[in-house]
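Everything below concerns the one structure shown next.
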Amino acid sequence: MTHKTKGIVLKSIKYGETSLVVTIFTELFGVQTYMVNGVRTSKQSAAKANHFQPTVILDLVVYHHEQKSIQRIKEFQFAHLYQHILSDVIKNSIALYQVELLYKCLKQPETNEALFAFCEDAFKMLDTASNTVAANFPLFFSLQLSYFFGFRPQQLSQEGTANEVNTGCWFDLKEGYFSNQPPAHAQYIEGELAILTSELLKVMHPVELESFALHHDTRRQLLQYYQEYYSLHVQDFGQMKTMKILSEVI
């Protein structure tokens, strides 16, 4: 039985002489692995292989069997054509960071249409974003993605923000909340970086990132902290391979 679904390509590995094993986050079935045969046999076939670059959004017709770990694709085509993500070094690095973060969090092949919609919109908005918005996009994506996996940081209240600025502010990475007292352990963000995290949590649309004039060292520090946050809340999270490249371009 076949099903129509959208999908975001997360990972693609060469298999044999002509095939690919592709991990795709699908709207209908969650994260799935597909065997795609005959896409690397000629120049014409190689063009088909371009459909399976990480970040690409596809319209798919797939075969799906619950008992199988590897599925098959009957038909595929681009659901959206990027203007910049696949060709612009900076936006591609940001998009690949987001793909890796999503891949590390998707442990089970469960349907999550809200998460899919968020990710699809995020990649589309990154593609057309200004330079400032794009540079801040990994921070926005990292904080917002945590909501879908149940550990989004608890925001500072509007009333409490001014007091925390005056008396000190800490974000507890283990517990996921802000406080005006330092935690009893060393895993926290403090001071201006904690306040920045609180302000970033208030961003509802990426265009608002235009107002964050951050130094690249600040972005790198925050991303390191957010990676630590994920490692504390996602089992077997490990290290982000894309962080090194990303830290050089934003």
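Annotations for the structure displayed:
- Checking every residue in region 221-232 against the condition of being over 17 Å from Leu139 (Cα atoms) and assigned by TED's automatic domain parsing to the domain that holds Phe141 gives at least one match.
- Residue match in region 57-72 (condition: in a helix (DSSP H, G or I), surrounded by 18 or more Cβ atoms within 10 Å (Cβ to Cβ) and in contact (Cβ under 8 Å) with a residue 24 or more places away in the chain): no
- Some residue of region 3-10 being assigned to a strand (DSSP E or B) and surrounded by fewer than 13 Cβ atoms within 10 Å (Cβ to Cβ): yes
- Per-region count, region 169-199, residues surrounded by 15 or more Cβ atoms within 10 Å (Cβ to Cβ) and on the phi > 0 side of the Ramachandran plot: 1
- A count restricted to region 198-210 and to residues that are assigned to a helix (DSSP H, G or I) and within 17 Å of the chain's Cα centre (by Cα) stands at 4.
- Residue pairs meeting the criteria (Cβ under 8 Å; at least 6 apart or on separate chains; first assigned by TED's automatic domain parsing to the domain that holds Thr26 and closer than 24 Å to Asp217 by Cα, in region 115-138; second in a loop (DSSP other than H, G, I, E, B) and β-branched (Val, Ile, Thr)): none
The values are calculated or read from the model by the stated rules, or taken from the named source; none is laboratory data. Note that the structure is a prediction, hence the values are computed from the model and not measured. Neighbour counts are summed over all protein chains in view; Cβ atoms, including those assigned to glycine, are modelled from backbone coordinates with ideal geometry.
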